[in-house]
Amino acid sequence: MSLPQTVRIRQIREDTHTIRTLVLEAEVPEAKPGQFVMIWLPGLDEKPMSIAHPTPLTVTVASVGPFTMKLHQKKVGDTIGWRGPYGRGFSLREDVPALLLGGGCGVGPMRFLATHAVERGVPTTVAIGARTGSELACMGDFEALGVNLILTTDNGSRGHQGYVTQAIEIFAARNSEFAVYACGPEPMLVAIHRVCREREIPGQLSLERYMKCGFGICGQCALDGFLVCQDGPVFGVEQLDGLRDFGQARRTATGRRLPLRNG
Amino acid sequence: MSTHSSVDLSTTLCGVRLPNLTVLASGVLGLSHEIMARVARSGAGAVTTKSCSVKPRPGYHNPTILQWKGGLINAVGLSNPGVEVMVEEVRAAKECLAPLGVPLIASIFADTIYDFGTAARFISEAEPDLVEVNISCPNVDAEYLQMFAADPYVAAQVTHRVKLNTDIPVLVKLSPNVTDVVEIAQAVVEAGADGITAINSLGPGIILDIETCRPVLAHGTGGVSGPAMRPIAVRCVRDICRAVDVPVLALGGVTSGRDAIEMILVGAAAVGIGSAVAYRGMAVFRQVCDEVEAYMESHGYTNLEQLRGKALEFF
C-alpha cells in the first residue's frame with residue numbers, strides 16, 4: 001500500500017508563471033480534503049504535496065526549489081511516483097457557511113475542500129490571495145464549482161488590495177457565523193490564526209513541514225509535540241495556540257530546528 | 001495499565017529501572033524532546049533518541065523510509081543535527097521524562113573509533129540514563145568500508161573507547177548481518193559493554209519499482225525492519241542471551257504483546273519497539289503492555305523474572 005506507485009502525468013496546466021497543476025494517471029477515491037501524498041521524482045527526491053483533486057489524483061505545485069523546479073519541467077506522459085494519502089484532513093462543518101482561504105499553491109487543497117463543501121450543500125466562499133493579479137491561481141476551478149470568489153492582491157492589480165486575511169473582514173461584514181479553512185504560506189496562516197482567535201471564529205489551517213516518512217515514524221516534521229504528517233497537516237486554530245514552532249521554526253533534513261523563512 | 005493489577009511489568013536494564021518492558025527504539029521519533037515526552041506519556045518504559053554523531057548529517061534524499069508487505073525498509077543515512085544540538089534535546093527530554101520515571105537512552109554513532117569516544121563524552125554531559133552505541137547501521141557501509149559491528153576486534157575497540165569517555169552504563173547495538181553474532185557480543189562484553197541492544201535492521205535489502213526499473217529508496221538499498229525480521233531477531237537474542245551475562249534490550253519486529261513475551265522468553269531484559277509505531281501509532285507502547293499484562297494474568301505470572309529465559313531450555 002505504501003510503496004510509491006509510478007504513473008504517467010496525464011495533463012499539465014500552467015496556472016501562473018510559478019504555479020502548475022499536474023493531473024496523474026492515478027485515482028485516490030479514499031482521500032479526504034486536506035490530506036497529502038508524497039510525490040516522488042525517481043533519482044531526485046520525494047516531497048509532501050496536498051491533494052487538489054482525488055480522482056484523478058491532482059496536485060497544484062509552486063516552483064520554490066530544486067525539487068519543484070524539476071517537477072515543473074516534467075511533460076505530459078512522463079513518469080512520476082506517489083504514495084498516500086496521508087495525514088488528517090479538514091473536518092468540514094456542515095452547519096455554518098465555509099470561508100476558504102488559499103495563498104500561493106495553497107489553493108490546491110482549497111479546491112478539493114470546495115468541491116467537497118459544494119457536494120455537501122455548504123454555502124462556500126473562496127478567497128484567493130497573491131502579490132499581483134497574474135499570480136492568482138486556479139480561479140477557473142472555483143468559478144466552475146459555482147462558489148463565491150473573493151480576490152485579493154498585495155498591489156491591488158486585481159480584486160481587493162491587501163492580504164487574503166482581509167477576506168475574513170469582508171466576509172464577517174455579511175455573515176455572523178462561519179468557519180475558516182486555510183492553506184498557504186505560514187505568515188499568512190499566523191495572521192489568520194490571530195484573527196480567528198480574536199474574533200472567536202472556528203478555523204482549520206493546513207501546515208507544511210519537511211518530511212521523510214509521511215506516516216508518523218521519523219519524527220522529522222515535529223511541530224512542538226505534534227507530528228505534522230499524522231496529527232496534521234490540518235490543525236484546528238485552538239491546537240496552534242502558544243506553540244513555540246508555529247510561524248517560528250521548522251526542521252531541516254538533519255533534524256535541526258531553524259527559524260522559518262518568511263515569505 | 002490498571003493500577004489494581006497484581007502484575008508487575010517493571011524491569012531493570014544495567015541497573016536502571018524501567019516502569020515497564022517497552023522501549024522506543026532508536027531512529028523512530030527520537031529527534032525532539034517534545035515528541036520523546038509524548039512517547040513517554042504514551043506508555044513507553046524507556047525512550048531512545050535518534051543516533052547522533054559529532055557533526056550534523058543531512059542523510060540521504062527521499063524516499064528514505066517506506067512500508068511494504070513485510071514491514072519497513074529504510075535508508076535514512078543517519079541524519080541528525082549533531083551532538084551539540086542533541087545534547088540540548090537530551091537535556092530537555094530528561095527533564096520531561098524524569099518526573100514520569102521513564103529513563104532516557106541516548107544513541108550515538110561515529111565514523112571513527114576515536115569519534116565514538118568524543119560523541120559519548122559530549123552526550124554524557126546531558127546525563128542520559130544509558131548510552132547506546134550504534135555500531136550496526138546497515139546503510140553506511142559504503143562510507144565506512146564496513147560496519148563496526150561486523151568485526152569483533154573493531155566492535156571491542158569502539159566499546160572500549162566509549163567506556164573510557166563516559167561513566168554512564170553503555171549498551172552496544174549489534175547487527176544481525178554478521179556470520180556469528182555471539183562472537184561480536186562476547187567481544188563487546190569483554191571490552192566493557194554493560195548491556196547489549198539486539199538487533200539493528202536486517203540486510204540491507206532492495207525493493208524495486210518495476211515500472212521504472214529503479215530501487216524505490218534513493219540510496220538504493222536499505223535496512224529491513226518490522227514483522228519480516230522478527231524470527232531472526234528472536235534467534236539472535238536467544239544466541240546472545242545464552243552466551244553473555246549482561247542484560248539484553250531486544251528488538252526486531254515486535255508489534256504486539258505476544259511478540260514482546262517471545263523476547264522475554266529467550267532472555268531479554270526489555271523490549272524495543274520501532275517499526276510498530278507505523279502500524280499502531282504511539283499507542284503501541286500501552287497496547288503492548290496491556291497485552292503482556294493480560295497474558296501474565298491469565299497464565300498466573302506476577303513479574304517478568306518468572307518468564308525470562310523460560311524458552312532457553314527447549315533449544
Exactly one of B:162, B:170, B:181 is under 30 Å from residue B:69 (Cα atoms), among the hydrophobic types (A, V, I, L, M, F, W, C) and crowded, with 21+ Cβ neighbours inside 10 Å, and that residue is B:181
Taking the stretch A:15-46 and keeping only residues that are in contact with a helix residue (DSSP H, G or I) (Cβ under 9 Å, 6 or more places away or on another chain) and surrounded by fewer than 23 Cβ atoms within 10 Å (Cβ to Cβ), one is left with A:15, A:16, A:17, A:18, A:20, A:21, A:31, A:32, A:41, A:44, A:45
Over the stretch B:82-108, the set of residues touching a strand residue (DSSP E or B) at 6+ places or on another chain (Cβ under 7 Å) and within 14 Å of chain A (Cβ to nearest Cβ) is B:82, B:83, B:86, B:90, B:93, B:97, B:107
Being surrounded by fewer than 20 Cβ atoms within 10 Å (Cβ to Cβ), within 23 Å of residue B:64 (Cα to Cα) and away from chain B (no Cβ under 13 Å) narrows A:59, A:64, A:76 down to just A:64
Per the filter on the stretch B:27-69, residues within 20 Å of residue B:126 (Cβ to Cβ), within 9 Å of chain A (Cβ to nearest Cβ), among the aliphatic types (A, V, I, L, M) and out of contact with any helix residue (DSSP H, G or I) (no Cβ under 8 Å at 6 or more places or on another chain) are B:35
Is it fair to say residue B:118 is more than 20 Å from the chain's Cα centre (by Cα) and more than 23 Å from residue B:83 (Cα to Cα)? no
Going through the stretch B:80-104 in order, the residues found to be more than 25 Å from residue A:258 (Cβ to Cβ), under 21 Å from the mean Cα position of the chain (by Cα) and not hydrophobic (A, V, I, L, M, F, W, C) are B:101, B:103
Selection from the stretch A:238-256 of residues assigned to a loop (DSSP other than H, G, I, E, B) and of a type in the set (Gly, Ala, Ser) yields A:242, A:247, A:253, A:255
Residue count, the stretch B:232-248, condition closer than 20 Å to residue B:280 by Cβ and within 13 Å of the chain's Cα centre (by Cα), comes to 1
Is it true that residue A:8 is surrounded by fewer than 23 Cβ atoms within 10 Å (Cβ to Cβ), part of a strand (DSSP E or B) and of a type outside the set (A, V, I, L, M)?
-> yes
Subset of the stretch B:265-313, residues under 16 Å from residue B:255 (Cα atoms) and either of a type in the set (D, E, K, R) or surrounded by fewer than 16 Cβ atoms within 10 Å (Cβ to Cβ) (or both), comes to B:280, B:283, B:286, B:290, B:291, B:293, B:294
Among helices (runs of 4 or more DSSP H) entirely inside the stretch A:107-175, those with 1 or more residues being farther than 19 Å from residue A:91 by Cα and more than 17 Å from the chain's Cα centre (by Cα) are A:139-145, A:166-172
Suppose the filter is within 14 Å of chain A (Cβ to nearest Cβ) and either assigned to a helix (DSSP H, G or I) or closer than 28 Å to residue B:311 by Cα (or both); does residue B:179 pass it? no
**Prompt:** Looking at residue A:195, is it more than 10 Å from every other protein chain (Cβ to nearest Cβ) and in a helix (DSSP H, G or I)?
**Reply:** yes
Handout entry: Filter result for residue B:16 (within 30 Å of residue B:297 (Cα to Cα), more than 13 Å from chain A (Cβ to nearest Cβ) and of a type in the set (Val, Ile, Thr))
Key = yes
Counting only residues that are assigned to a helix (DSSP H, G or I), touching a residue at least 24 places away in the same chain (Cβ under 8 Å) and out of contact with any helix residue (DSSP H, G or I) (no Cβ under 8 Å at 6 or more places or on another chain), the stretch B:96-125 contains a total of 1
Could you tell me whether any residue of the stretch B:249-257 is more than 16 Å from the chain's Cα centre (by Cα) and not aliphatic (A, V, I, L, M)?
-> yes
Selection from the stretch A:203-237 of residues among the basic types (Lys, Arg) and either facing chain B (nearest Cβ under 10 Å) or not in a loop (DSSP other than H, G, I, E, B) (or both) yields A:212
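Read the figures in this text as sums done on the coordinates, not as results from a lab. All of these numbers come straight from a predicted model, not from anything done at the bench. Positions of Cβ are backbone-derived with ideal geometry, glycine not excepted, and every protein chain shown enters the neighbour counts.
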